[in-house]
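Notes for the one structure printed next.
The values are calculated or read from the model by the stated rules, or taken from the named source; none is laboratory data. Computed from a predicted structure; not experimentally measured. As a convention, Cβ positions derive from the backbone with ideal geometry for all residues, glycine included, and neighbour counts pool all protein chains shown.
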Amino acid sequence: MGESKSQKSVEVNAENFSECCSCSCKNIKTILAKYGSDRVRLMDILIDIQTNVGCISKESVKEIAENLNISKVDVEQTLSFYHFFSEKPTGKYAIYLNDSAVANMMGRSDIAKALEEEVGCKFGSVTEDCQIGLFDTACIGMNDQEPSAIINQRVFTNLTKEKVKLIVNGIKNNFDVNDIQIEGYCQATHKLITSNVCSNIKKEGPILTKDMKVGDALKKVILMDPNDVIELVKQSNLRGRGGAGFPTGMKWQFCRAFKDEKHYIFCNADEGEPGTFKDRVILTERPELLFEGMAIAGYSIGSDEGILYLRYEYKYLQNYLEDVLSTLREQNLLGKDIGGKAGLNFDIRIQFGGGAYVCGEESALIESAEGKRGEPRDRPPFPVEKGYLQKPTVVNNVETLCAVTKIIHQGPKWYRSLGTLDSTGSKVMSISGDCDNPGIYEIEWGFTVNDILEMVGAKDVQAVQVGGPSGSCIASNEFKRKLAYEDLATGGSMIIIGKHRDLIKDIVMNFTDFFIEESCGSCVPCRAMTVQFKNKLEKIYRGNGVQEDIDQMLEWGKVMKMNRCGLGHTAANPILTTLKNFRELYTAKLQKTDYVSEFNLEEAVQESCAAAGRIPNLGGDHE
Amino acid sequence: MSKKIVATTSLAGCFGCHMSLLDIDERILDLIELVEFNKSPIDDIKTFTKQCDIGIIEGGCCNSENVHVLKDFRKNCKILISVGECAIMGGLPAMRNNNASITECLEEAYLNCVSVQANEEKIIPNDEELPMILDKVYPCHEIVKIDYFLPGCAPRADLIWNALVALVTGNEMDLPYEVIKFD
Amino acid sequence: MNKIKIRINDIVCRGEKGQTVLEIAKDNGIYIPTLCNYEGIKPQGSCRICTCMIGGRMMTACTTPALDGMDIVTNSDELEKFRATIVELLFAEGNHFCPTCERSGNCELQALGYRYKMMVPQFPYSFAAKDIDADNPKIMIDHNRCILCKRCIRRKKEKDNPNWFVFKKRGAKVQINIDHELTADFTDKLAQQAMDTCPVGAIIRKEKGFDVPIGERKYDKNPIGSDIEGLKE
């Protein structure tokens, strides 16, 4: 445990260690002061240190703890929870290559190999000179342009071996990542966005269509009684777009009803569901629509503070979004006395996450925003009663809040005329995988899976993963189903899997690994059963499964319903939905006996024989 | 009713489970009315002389000899019972599984440990006649199919007795609270 | 009126507003198994063992406030099976060598294993590499035995003192982390308290142990929960 200072670590050259990490001490006081030494802002403090120097050293932890008057282990518990925070140096250039299923489908392994060759170190380590680190990361929301990687907050998409060469060459010449020029990338929509990420909007609908002036809806709202605004939202039948589909108006009404000195409105932009990237595009193309929706929500529930919880992967949007916010302040749509109405104050700040899928769960998101580990809370109480800092809080999805702005502008009747009776309005879908035109499609609810497959140019489809790993993997017999809360509900993504793919290996195993990695570790079935599922899955895949293994997995699946949050409830869905819809893929691999041993004597004695210097004698024992 | 034929063995165990079997006291007289022992340290029969009904396995597998014996039991017994923590989950010998590789274990035992005094040639035993050590200690059911499990360290005599009687008579097994223990 | 009535397994149970389902059940002689719950510290349903059907939904009894008229099922075959599965999962996840453990016989996890007659292993044992942290002069933390119930984390000396036990990392890698500086001057009393808070043998006082002979330990003769169920008679 106690590592002596002279000891050289494998990844980090001791000589350069100080260069990589010492500045944590230089800047740390400024960073702590910037956030008023507020314990609640621990995430921001950690993010700033990590972004500045590529790691959060033991000395930094000590200084933070002393300054915030908490224990060192308290800092460590938050620090160690998030994927992008590291106690060990991650290098001057930390390269995070997406390891999602679609990234792999699009040739990720070749890119990984190229990176290792060019950079000169393996994934999970840093070069000896402490310059470059290579790391895996879960879906970064770029499924429509994979393989992709994040390097010091800049996103590089559509990677090829050639691009890898150019990028690593730039890095080795000590270029700022933002100055690395690569031809053939699509133009960024705004000069403050340095990442060449394409928005890929393939079909605009009622939300994405630019048909209103920024601020029109908000100006209308502030002349109304907040209860009437909530009534309008209720009349529209708008339901939460994050996946759970809770009626938005009702959520607001509950929150407003809890009297307190302060209320909060959160926008959940922790778009972590692999395969989903609609929020990225909305935030890039229509951020005003979202911020206006937040202001409307704030007015309705009686809140003067909004927080956009944005995933760390989208940090490249920070400068741009801050710029949009200042423009809105200049236009008096945010800030004090909004729209000239005395005493009407509302402002928005951006809270970044640190890389944790579970923070998409609203109570975990709130915990994280409070500077803690992103562990979902027990409910009741619900956030609308006791949320951020124990105050009544509404958490809404990006798309939900955008829809609010449009509903206010065009009226609930208009909105109800779109979609189906139970699912009004539209859905912005992220489409990726084996199709000709991956990207963003805004469709009205009620479209069938077949409609979409045709729209995006998908042929020879084996399966469609609807709603990401936590959703379900469906086969062609269900392609007639309609996307709607009452039929095939979805948080908004479809991954198309062609007939040439190995569904269990390429998809199910990747998703299962994802859930193991992203569990917060609190509930036993989510933490431990996912690992058992993976082992069983691998046993079957190796061809050593028996019927009992499948029966067991089906039984284990029921236990997952005991978990506290949505992540835990759905963590076995990749296995359970493919067991339901693609059972033959599993049964084909089973042995027709009731017991198979995976024990291999030859392998088991190898090490001890080598240690003792003897040749294994497998004669009579070996079968 | 013909007697059921029982075989027993201790693999990577301490013979504690066998002791516990003998702890059924005077019921051992009833037992030999019910069963006939074949290969077992109890009667010192070294090899199977006939097909057995019940094989009682004590201990997990830590070396190639254990594996050989266990497979031999599976071949010669209709029913196999893992008796005791070691057979079920490796038990105390398996404490090496999670902390060190087998190389580290052997080096510590034969080369580095403070009590090693006479091994000047730095030899880790390597005689051809010795069983080969496995990389870890394996629960028996990971190597062959096991039909029943009787936990305990050692399993209470009553648990072993109840299980044998149930198997021999075909009646349901009596499982009072006091007999199921893991220590 | 602060008195409320709820139905547990078709039995009318009386309690007071503000009590949790678990507390009312206990007062009425109905045992709901728990692991992460500890009387006197704020509940946090993480082991999920006390999950019951409350108003038709699966919810943890330790964290759910009882409301007048609630209908609760605590002991369906399905729930009991789920609980047994969780107990077994915990045994397979850690390295639980009961015969060598000081807490054997007084261990809540083991006691639940006994209660559910855990005999046939369905999960392969992980034999995961886990450390023992013996840096503290009074206690040692054996991560092999830790079931990550967070009882030690939640039981603090006083309300606002800094955390000395916390979680570290996440998912399957999660483990208890202790602040060695803050606990360096642990008294015997606090050490004993930490050990008593632990349901298993993960927090053990140094230089003390095995003081109750086999046969006289808490769960040698009587199943866990029998004290609560005994209230009924």
Report task. With the condition kept exactly as written, say whether any residue in region B:34-49 is away from chain A (no Cβ under 14 Å) and buried (at least 22 other Cβ atoms within 10 Å of the Cβ). Result -> yes
**Report entry** Qualifying residues in region C:78-120 (those that are more than 7 Å from every other protein chain (Cβ to nearest Cβ), in a loop (DSSP other than H, G, I, E, B) and touching a Gly at 6+ places or on another chain (Cβ under 8 Å)) - the one surrounded by the fewest Cβ atoms within 10 Å (Cβ to Cβ)
**Finding:** C:E102
Report task. Scan region C:144-167 for residues that are facing another protein chain (nearest Cβ under 10 Å) and surrounded by fewer than 19 Cβ atoms within 10 Å (Cβ to Cβ) and jot them down. Result -> C:D160, C:N161, C:P162
Query raised in the report: Pairs under 6 Å by beta carbon, first residue within 13 Å of chain C (Cβ to nearest Cβ) and free of Cβ contacts under 8 Å to residues at least 60 places away in the same chain in region B:162-183, partner assigned to a helix (DSSP H, G or I) and of a type in the set (D, E, K, R), six or more apart or different chains?
Result: B:V179/B:D158
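A quick yes/no check of all residues on (1) in a loop (DSSP other than H, G, I, E, B); (2) at the interface with another protein chain (Cβ under 9 Å from one of its Cβ atoms); (3) in contact (Cβ under 8 Å) with a residue 12 or more places away in the chain:
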| residue | (1), (2), (3) |
| --- | --- |
| B:G55 | no, no, yes |
| B:E65 | no, yes, yes |
| B:V69 | no, no, yes |
| B:I79 | no, no, yes |
| B:N99 | yes, yes, no |
| B:I124 | yes, yes, yes |
| B:K136 | no, yes, yes |
| B:F149 | no, yes, yes |
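Condition check ((1) surrounded by fewer than 23 Cβ atoms within 10 Å (Cβ to Cβ); (2) not β-branched (V, I, T)) across all residues:
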site: A:V324; (1), (2): yes, no
site: A:K336; (1), (2): yes, yes
site: A:A342; (1), (2): yes, yes
site: A:N345; (1), (2): yes, yes
site: A:A356; (1), (2): no, yes
site: A:S363; (1), (2): no, yes
site: A:R373; (1), (2): no, yes
Requested in this report: Looking only at region A:290-300, decide whether some residue is part of a loop (DSSP other than H, G, I, E, B) and not assigned by TED's automatic domain parsing to the domain that holds A:A188.
Outcome: no
Requested in this report: Considering each residue of region C:42-79, count those that are farther than 30 Å from C:K156 by Cα and not hydroxyl-bearing (S, T, Y), and give that number.
Outcome: 15
Query raised in the report: Taking C:I139 and the conditions (1) closer than 25 Å to B:C140 by Cα; (2) more than 12 Å from chain A (Cβ to nearest Cβ); (3) among the hydrophobic types (A, V, I, L, M, F, W, C), which numbered condition does it fall short on, given that it satisfies the others?
Result: (1)
Query raised in the report: Taking region A:85-97, which residues are touching a Lys or Arg at 6+ places or on another chain (Cβ under 9 Å) and either part of a helix (DSSP H, G or I) or within 14 Å of another protein chain (Cβ to nearest Cβ) (or both)?
Result: A:E87
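Look at region A:497-556 and say how many of its residues are hydroxyl-bearing (S, T, Y), within 10 Å of another protein chain (Cβ to nearest Cβ) and part of a helix (DSSP H, G or I).
1
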Report summary line: Within region A:557-568, the count of residues that are part of a helix (DSSP H, G or I), more than 8 Å from chain C (Cβ to nearest Cβ) and either in contact (Cβ under 8 Å) with a residue 24 or more places away in the chain or touching a Pro at 6+ places or on another chain (Cβ under 6 Å) (or both) comes to 4
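Residue-by-condition table, conditions (1) touching a Lys or Arg at 6+ places or on another chain (Cβ under 9 Å); (2) of a type in the set (D, E, K, R); (3) under 30 Å from C:R48 (Cβ atoms):
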site	(1), (2), (3)
A:L328	no, no, no
A:L334	no, no, no
A:G339	yes, no, no
A:L365	no, no, yes
A:P381	no, no, yes
A:K391	yes, yes, yes
Query raised in the report: Given region A:98-210, what strands (runs of 3 or more DSSP E) lie entirely inside it while holding 1 or more residues that are within 30 Å of A:Q410 (Cβ to Cβ)?
Result: A:201-203
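Based on what the data block shows, is B:G91 within 9 Å of another protein chain (Cβ to nearest Cβ), buried (at least 16 other Cβ atoms within 10 Å of the Cβ), among the small types (G, A, S) and touching a strand residue (DSSP E or B) at 6+ places or on another chain (Cβ under 8 Å)? Show your work before the answer.
Details: within 9 Å of another protein chain (Cβ to nearest Cβ): yes; buried (at least 16 other Cβ atoms within 10 Å of the Cβ): yes; among the small types (G, A, S): yes; touching a strand residue (DSSP E or B) at 6+ places or on another chain (Cβ under 8 Å): yes.
Yes: the conditions hold for B:G91.
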Query - One residue from C:T74, C:T51, C:T64 being crowded, with 21+ Cβ neighbours inside 10 Å, within 25 Å of C:C198 (Cα to Cα), touching a residue at least 60 places away in the same chain (Cβ under 8 Å) and in contact with a strand residue (DSSP E or B) (Cβ under 9 Å, 6 or more places away or on another chain) - result: C:T74
Report summary line: All-but-one check, A:T189 against (1) at pLDDT 95 or above; (2) among the polar types (S, T, N, Q); (3) surrounded by fewer than 16 Cβ atoms within 10 Å (Cβ to Cβ), failing number (1)
Requested in this report: Determine if region A:398-417 includes at least one residue that is within 26 Å of the chain's Cα centre (by Cα) and within 25 Å of A:E478 (Cβ to Cβ).
Outcome: yes
Report task. Kindly list, by first and then second residue, each pair from a residue in region C:35-46 that is more than 8 Å from chain A (Cβ to nearest Cβ) and over 14 Å from A:R379 (Cβ atoms) to a residue that is small (G, A, S) and crowded, with 21+ Cβ neighbours inside 10 Å, limited to pairs with Cβ atoms under 9 Å and residues at least 6 apart or on different chains. Result -> C:L35/C:S46; C:C36/C:G45; C:C36/C:S46; C:N37/C:G45; C:N37/C:A61
Report summary line: Those residues of region C:199-231 that are within 14 Å of chain B (Cβ to nearest Cβ) and either part of a strand (DSSP E or B) or aliphatic (A, V, I, L, M) (or both) come to a total of 4
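I'd like to know if region C:41-53 contains one or more residues that are more than 19 Å from the chain's Cα centre (by Cα), over 18 Å from A:Q532 (Cα atoms) and not assigned by TED's automatic domain parsing to the domain that holds C:L190.
The answer is yes; a qualifying residue exists.
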Requested in this report: Within region A:327-347, count every residue that is more than 18 Å from A:L289 (Cβ to Cβ), of a type outside the set (A, V, I, L, M) and more than 34 Å from the chain's Cα centre (by Cα).
Outcome: 4
Query - A:L115 touching a residue at least 24 places away in the same chain (Cβ under 8 Å) and either in contact with a His (Cβ under 6 Å, 6 or more places away or on another chain) or within 14 Å of another protein chain (Cβ to nearest Cβ) (or both) - result: no
Requested in this report: Hey, can you tell me all the residues within region A:454-473 that are of a type in the set (V, I, T) and surrounded by 23 or more Cβ atoms within 10 Å (Cβ to Cβ)?
Outcome: A:V464, A:V466
